[in-house]
Every structure is written in structure tokens, then in C-alpha cells.
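Asks: Pasting in a structure now, in C-alpha cells, and then I'll have a few things to ask.
The values are calculated or read from the model by the stated rules, or taken from the named source; none is laboratory data. Just so it is clear, the model here is predicted, and its values are computed rather than measured. Positions of Cβ are generated from backbone atoms using ideal geometry, with glycine treated the same way; all protein chains shown enter the neighbour counts.
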Amino acid sequence: MKKRRSMLGRVAGGLMVALVLIGGLAVWLNAGTAGAQKMLFFRIASGAAGGTYFPMAGLLAQVISNPPGARSCAKGGNCGMEGLVAFAQSAHGSVANVHALDADQVESAFVQSDVTYWAFTGTGPFAGKKAFKKLCVLSSLYPEHVHVVAGRDRNIKSVYDLKGKRVGIGLPASGVLVGARLVLGAHGLAEKRDFMPEYVKSKTATELVRDGYLDAFIDVSGFPIAGVVEMADTSGMALVSVQGKERDALIAKAPFYSADVIPGNTYKGNPHPVETVSVSALWVSRANLPEGLHYGVVKGLYGNPQAPHLLNNGHAKGKNLTLETHQAGVPIPYCQGAARFYKEKGVYTAPAAP
């Protein structure tokens, strides 16, 4: 475990160096000699460290990259898009990521499907704001499960027990905050009236629960969440279910969510399955980028013979990235290059008009 954290730390450090070197801009760079291979930097905005977005974005970046000067696929090198240098960029999450895409600050991002739809249509939390029509989808990625996590011995058995408690509900401008409000609202609980909210990422929340400053927190992420795993292994925790008529009300209000289960023994000390809801995580880009770029990165994922091995061994959620599930929960149009790839593979299905 320590070795894995050390490796992730080195990767994150390298990514920060890359960010400094390119000054936050993705550009085509001609190499010093005529005819040399061009290099393209491709950012993937993700989430905060300690969640699932950041390590999964780093894994995806590894799969789709094939930098200039590296061995070609035919010669045993990576089979990503030739000339591409992709890297994960830490961010606050889904809401911040769609704003970054709309401002042309990144080339792609991880975004929850509900947030993607609301931003594209100017509805939900984006009502009264301009619609983000620049957004387009590269692929669905994996399901994200709502985790209601309580500290050990806090006597929190249901979401209703959060009344009067101190609860972490995600960073501002995050999809976690959107999901947490849906869960709490379905139970009739309002911020500051019924509980004291803290707007922190899940990794920070685990530490605050451990130190007695929080009683519980809510996260929306693919399991297992690294910070929750560490919490379960050290200070202990309890998963709280989201079910019954309250879950039905949540799904009726936000139909991108569906009934789901966190399997037993996903986290130490929690041997039984826990009822909850889940929403799809999407890989989203912007329509003002070249069609060939979108085609190349999607082909670098699903047309890459090395991808299954890298994904299956890189993260527990890696196995969910398959061509067969690329359309799960996609609520807005695909990027044109992505659609072209899926049509060539005979698996394209146009999303329902938003």
C-alpha cells in the first residue's frame, strides 16, 4: 500500500511539472527538425486526490498516450494516439470541470452524467445560466455510487440520523455537492437548518471524522474510494443506506440516478451489501476541438490492444471501461470524432435529444 502511494505521489509530481512546463496551455509543438513527429498535450480534469476521479484520469492518460520518441505500438510501445501526451489534472469535480471546458481551459474532463445534462441544457443547478452547448461526450466510464459514511460509534444508522450532526457534503462546484443535496433533500434535511455542513473533499472529511470535527460525510464516487478504504482500515467507519421511498423520490427528481448496491466487504468492517444510488461518470470534451483529436483519443482507449491489461491492473474501476458500455448514461451528443469511431465499430447509438 505504501509503495502504491509512493508511486502515485511520483506520478502526481510529474503531472505538476508538466502543468508548469506548458503554462496551462495545450498546443501543437513542432520538434526541432523538419518532419519530426508533433507533440500534443491533452489534459483530463478530474477530482481531488483521495477520490476515484484523479487516479482513474491518470490511468486513462497512460492508456491513450504515445509521446513522440517513444516506441511505436508495432515495436512494443504503448498503442495510444501517436504524439499524444495526456495527463490528469486535479480539480474540484464535475461542476468546476464543465466550467473549465466551457472556458477552453482543458481538453477533457470527468463529469457526472446529471451535471453534464444540466450544464448542456441550462437546467437543474444551472437554471438561469447560459447553456454549455460546447460540451460533447467521448465515452461513458463507470458508475459512481453515493457513499454516506459515518464515523464509528456515532450512532448514525440512517440518513435521518444526520439531523443535528456535522456533515461533510463535498467541495463547492463539485458533483459530490449536487449529489449530497439530492440525498439529503429526499430525506427532508436542509443545510444549516437541520445539520451543520462542511464543504470539503472526502479525503479531508475522513480526517475530520477521525479527529472528531465531523460526524459523517457524503461522497459520490466509484468504489472503492481510497480515502474511505484507509479510514475503514484505521479508525473504522459505517456505510449508511439510501433506500425506500426516499430513494424513489430522489430518482424521480434526478432520473440519471438509479438504484444500486455497494457490495459487502468493499470496506473493512462493513460485511453486508448497502443499498444506495449510482450515476454514470462520463469522459467529456468540447466541440471546438479537432474531430481527429477526439477520434484519436477514443481509438487510443478502445482500439488499443494493451488497454484491457493496463485498465484491469491499474484500478478497480478500470474493468468498467469497455466498448460495450461506452453509451451508459450518455445524455448529450457525442463529439463528432468519437461518434465516427463508434460507427466504424458498429456500436454507435445516438443519445436521446436533450
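Asks: For the stretch 227-242, does any single residue satisfy the condition of being outside the structural domain of residue 46 (by TED's automatic domain parsing), modelled with pLDDT of 95 or more, under 21 Å from residue 112 (Cβ atoms) and among the acidic types (Asp, Glu)?
Replies: no
Asks: Turning to a different aspect of this structure: Kindly indicate which of 86, 91 is surrounded by 22 or more Cβ atoms within 10 Å (Cβ to Cβ) and either outside any strand (DSSP E or B) or in contact with a Cys (Cβ under 7 Å, 6 or more places away or on another chain) (or both). Don't jump to the end; show me each part of the working.
Replies: Numbers: 86 fails: either outside any strand (DSSP E or B) or in contact with a Cys (Cβ under 7 Å, 6 or more places away or on another chain) (or both).
After applying the criteria, what remains is 91.
Asks: What's the number of the only condition in (1) buried (at least 17 other Cβ atoms within 10 Å of the Cβ); (2) hydrophobic (A, V, I, L, M, F, W, C); (3) in the same structural domain as residue 162 (by TED's automatic domain parsing); (4) not in a loop (DSSP other than H, G, I, E, B) that residue 261 fails to meet?
Replies: (1)
Asks: Tell me, please, whether a residue that is of a type outside the set (D, E, K, R), buried (at least 18 other Cβ atoms within 10 Å of the Cβ) and part of a strand (DSSP E or B) can be found in the stretch 125-136.
Replies: At the first step, the residues of the stretch 125-136 found to be of a type outside the set (D, E, K, R) are 125-128, 131-132, 135-136.
Checking which are buried (at least 18 other Cβ atoms within 10 Å of the Cβ) leaves us with 126, 132, 135-136.
Right, trim to part of a strand (DSSP E or B) and you get 135-136.
The answer is yes, given that some residue of the stretch 125-136 is of a type outside the set (D, E, K, R), buried (at least 18 other Cβ atoms within 10 Å of the Cβ) and part of a strand (DSSP E or B).
Asks: Same structure, new question: Can you find a residue in the stretch 64-72 that is at pLDDT 50 or above, among the aliphatic types (A, V, I, L, M), in contact with a Ser or Thr (Cβ under 9 Å, 6 or more places away or on another chain) and not in a helix (DSSP H, G or I)?
Replies: Our first condition is that a residue be at pLDDT 50 or above; within the stretch 64-72, this holds for 64-72.
After this cut, where a residue has to be among the aliphatic types (A, V, I, L, M) as well, the list is 64, 70.
Of the ones still in play, those that are also in contact with a Ser or Thr (Cβ under 9 Å, 6 or more places away or on another chain) are none.
Within the stretch 64-72 (the criterion being at pLDDT 50 or above, among the aliphatic types (A, V, I, L, M), in contact with a Ser or Thr (Cβ under 9 Å, 6 or more places away or on another chain) and not in a helix (DSSP H, G or I)), the answer is no, since none of the residues qualifies.
Asks: Here's something else I'd like to know. Tell me, yes or no, whether the stretch 44-61 has at least one residue that is on the phi > 0 side of the Ramachandran plot and at pLDDT 50 or above.
Replies: Pass one, the stretch 44-61, residues on the phi > 0 side of the Ramachandran plot: 50.
Adding the requirement that they be at pLDDT 50 or above leaves 50.
Checked against the condition, which is being on the phi > 0 side of the Ramachandran plot and at pLDDT 50 or above, the stretch 44-61 yields at least one hit.
Asks: Hey, another quick one. What's the number of the only condition in (1) modelled with pLDDT of 95 or more; (2) of a type in the set (A, V, I, L, M); (3) touching a helix residue (DSSP H, G or I) at 6+ places or on another chain (Cβ under 8 Å); (4) farther than 23 Å from residue 207 by Cβ that residue 40 fails to meet?
Replies: (1)
Asks: Give me a count of the residues in the stretch 159-185 that are at pLDDT 95 or above, in a helix (DSSP H, G or I) and over 11 Å from residue 218 (Cβ atoms).
Replies: 3
Asks: If a residue has to be part of a helix (DSSP H, G or I) and either crowded, with 20+ Cβ neighbours inside 10 Å or at pLDDT 95 or above (or both) to count, how many in the stretch 311-320 make the cut?
Replies: Taking the stretch 311-320 first, the residues part of a helix (DSSP H, G or I) are 311-314, 318-320.
Filter again for either crowded, with 20+ Cβ neighbours inside 10 Å or at pLDDT 95 or above (or both), leaving 311, 318.
Of the residues in that region, 2 qualify.
Asks: Considering only residues that are closer than 23 Å to residue 222 by Cβ and of a type in the set (A, V, I, L, M), look in the stretch 321-354 and name the one that is surrounded by the fewest Cβ atoms within 10 Å (Cβ to Cβ).
Replies: 347
Condition check ((1) among the aliphatic types (A, V, I, L, M); (2) in contact with a strand residue (DSSP E or B) (Cβ under 8 Å, 6 or more places away or on another chain)) across all residues:
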site	(1), (2)
42	no, yes
75	no, no
81	yes, yes
97	no, yes
101	yes, yes
120	no, yes
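Asks: Yes or no: residue 284 surrounded by 18 or more Cβ atoms within 10 Å (Cβ to Cβ) and either outside any helix (DSSP H, G or I) or of a type in the set (Gly, Ala, Ser) (or both)?
Replies: Yes.
Asks: If you don't mind, there's one more thing I want to ask. Just name the residue that is farthest from residue 118 (Cα to Cα) out of those in the stretch 165-215 that are among the charged types (D, E, K, R) and buried (at least 21 other Cβ atoms within 10 Å of the Cβ).
Replies: The initial filter retains those residues of the stretch 165-215 that are among the charged types (D, E, K, R), namely 165-166, 181, 191-194, 198, 201, 203, 207, 210-211, 215.
Now drop any that are not buried (at least 21 other Cβ atoms within 10 Å of the Cβ), which leaves 201, 215.
Numbers: 201: 22, 215: 31 Å.
Here the answer is 215.
Asks: In the stretch 186-203, how many are out of contact with any Pro (no Cβ under 7 Å at 6 or more places or on another chain) and either assigned to a loop (DSSP other than H, G, I, E, B) or modelled with pLDDT under 95 (or both)? Spell out the reasoning first.
Replies: Let us first name the residues in the stretch 186-203 that are out of contact with any Pro (no Cβ under 7 Å at 6 or more places or on another chain), namely 186-190, 192-198, 200-203.
Then keep just the ones that are either assigned to a loop (DSSP other than H, G, I, E, B) or modelled with pLDDT under 95 (or both); that gives 187-190, 192-194, 200-203.
Final tally of qualifying residues: 11.
Asks: Also, I was wondering about something else. Of the numbered conditions (1) among the aromatic types (Phe, Trp, Tyr); (2) crowded, with 24+ Cβ neighbours inside 10 Å; (3) more than 26 Å from residue 57 (Cβ to Cβ), residue 118 fails exactly one; give the number of that condition.
Replies: Every condition holds for residue 118 apart from (3).
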